[in-house]
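First comes the structure, then the notes that go with it.
The values are calculated or read from the model by the stated rules, or taken from the named source; none is laboratory data. This one's a predicted model, so the numbers in the text were calculated from it and none came from an experiment. Using ideal geometry, Cβ is built from the backbone for each residue, glycine included, and neighbour counts are taken over all protein chains shown.
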Amino acid sequence: MTQITENQILAALRTVPDPDRKADIVTLKMVSGLAVKGTNVTFTIEVDPARGAQLEPLRHAAEKAVLGLPGVTSATAILTAHRTGVAATTAQASAGAAAPRASARIELPGIRAIVAIASGKGGVGKSTTATNLALAMTANGLRVGLLDADIYGPSQPRMMGISGKPTSYDGKTLQPMERFGVKVMSIGFMVAEDTPMIWRGPMVMSALQQMLRDVAWGELDILVVDMPPGTGDAQLTMSQQVPLAGAVIVSTPQDIALLDARKGLNMFRRVDVPVLGIIENMSYFLCPHCGERSDIFSHGGARHEAEALGTTFLGEIPLDIAIRETSDSGQPITVSQPDSAHAQAYRAIAARIWDQVAAGPQQGPAISIE
Ligand code: ADP
């Protein structure tokens, strides 16, 4: 069977009128985030937040219209609060287009710089690194926020040792949680960590948008974003919609060998986000008993890879049980053992990142855009 096309879906949605505005939802540019996976279709309908509750019949009618198309077995429509300009970008990114960074993006005027901490695949210590870097930046005197954008597997509530739910004073904006001087937001505060979450593309985006726009971040020097692992649609869309000052790639030595880090790096370059550099995590093993160092994964790959790719090598963090124990128990090493060599290493890397961010894009490392 031939795959259903975006045009066929939009044609079906043109038959769905907005009851209050005398036109169909496509003409009114309310449809975004259209994603077709085989015979399953998902999309969002952006609505004025004030009308949200009464538009359930509209959402239902839109799903029904798409479900009526031959070759569609499921249709999921999600209502999201309307914000000007976001719709086009979401649709474009979800359709898989490798577009340059669109001009219509989420604006966060109180935040001086947003930096993504990313990895080519999961399990390399990206969240641990993001946590410790956020804390290291705070120790370096910056006003820091930490956004856990890993919607599928949020780790920041555990790593930052935060429980409870964020509050809202006005019913619209959420107050971020705060710990160790860092403002933190994570989907994990709203949903229990062991709850299985089946988030479809558009839902992921609207959750992320809400965690960015509908959170009272206040004035920040830097918002550290713990990105979802990998280089799929969510990462690409995130990179396009969020005005990122740059991205940092966390990698293990063996991951470098497998070229996963290169994939991550290329994804950011595709959307014109400067790559600020590569961190080698679990770089070498420090024996907790004798202190001897072993290069289990043939350490040093990231430094060479960074050179080969024309980006900065930001530093290395060893594989040490103290890092795992502290980050998994909500007492990250940067705050619980601030005088340790590891805490110093995180602060040094944090300072290198901030130097680049503060210098602005022109003075960053030479990056060749493919
Ligand atoms: P990711 O975000 O890439 O999936 P995590 O940060 O969740 O990875 O790390 C995976 C596991 O590895 C966690 O249990 C974490 O505590 C541990 N870990 C991360 N970095 C180190 C390190 N340098 N030394 C020891 N354990 C680490």
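A compact table of results
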item: Qualifying positions in the range 13-28 - surrounded by fewer than 15 Cβ atoms within 10 Å (Cβ to Cβ) and not in a loop (DSSP other than H, G, I, E, B); result: 23
item: The lone exception for residue 281 - which of (1) in a loop (DSSP other than H, G, I, E, B); (2) under 23 Å from residue 162 (Cβ atoms) it fails; result: (1)
item: Checklist (1) in a helix (DSSP H, G or I); (2) more than 16 Å from the ligand (Cβ to nearest atom); (3) closer than 28 Å to residue 112 by Cβ applied to residue 243, failing item; result: (1)
item: Some residue of the range 180-193 being at pLDDT below 75, assigned to a loop (DSSP other than H, G, I, E, B) and either among the small types (Gly, Ala, Ser) or closer than 23 Å to residue 250 by Cβ (or both); result: yes
item: Filter pass, residue 305 being surrounded by fewer than 19 Cβ atoms within 10 Å (Cβ to Cβ) and modelled with pLDDT of 80 or more; result: no
item: Residue in the range 254-277 that is outside any strand (DSSP E or B) and in contact with a Phe, Trp or Tyr (Cβ under 6 Å, 6 or more places away or on another chain) present; result: yes
item: Answer from 226, 255 - the residue that is crowded, with 23+ Cβ neighbours inside 10 Å, modelled with pLDDT of 85 or more and touching a helix residue (DSSP H, G or I) at 6+ places or on another chain (Cβ under 6 Å); result: 226
item: Per-region count, the range 160-176, residues in contact with a strand residue (DSSP E or B) (Cβ under 8 Å, 6 or more places away or on another chain), part of a loop (DSSP other than H, G, I, E, B) and over 27 Å from residue 125 (Cβ atoms); result: 4
item: Residue tally, condition over 25 Å from residue 114 (Cβ atoms) and more than 13 Å from the ligand (Cβ to nearest atom), over the range 338-362; result: 3
item: Filter result (more than 12 Å from the ligand (Cβ to nearest atom) and either in a loop (DSSP other than H, G, I, E, B) or outside the structural domain of residue 320 (by TED's automatic domain parsing) (or both)) within the range 118-159; result: 140, 141, 142, 143, 151
item: Residue within the range 266-282 that is over 14 Å from the mean Cα position of the chain (by Cα), under 17 Å from residue 124 (Cα atoms) and modelled with pLDDT under 90 present; result: yes
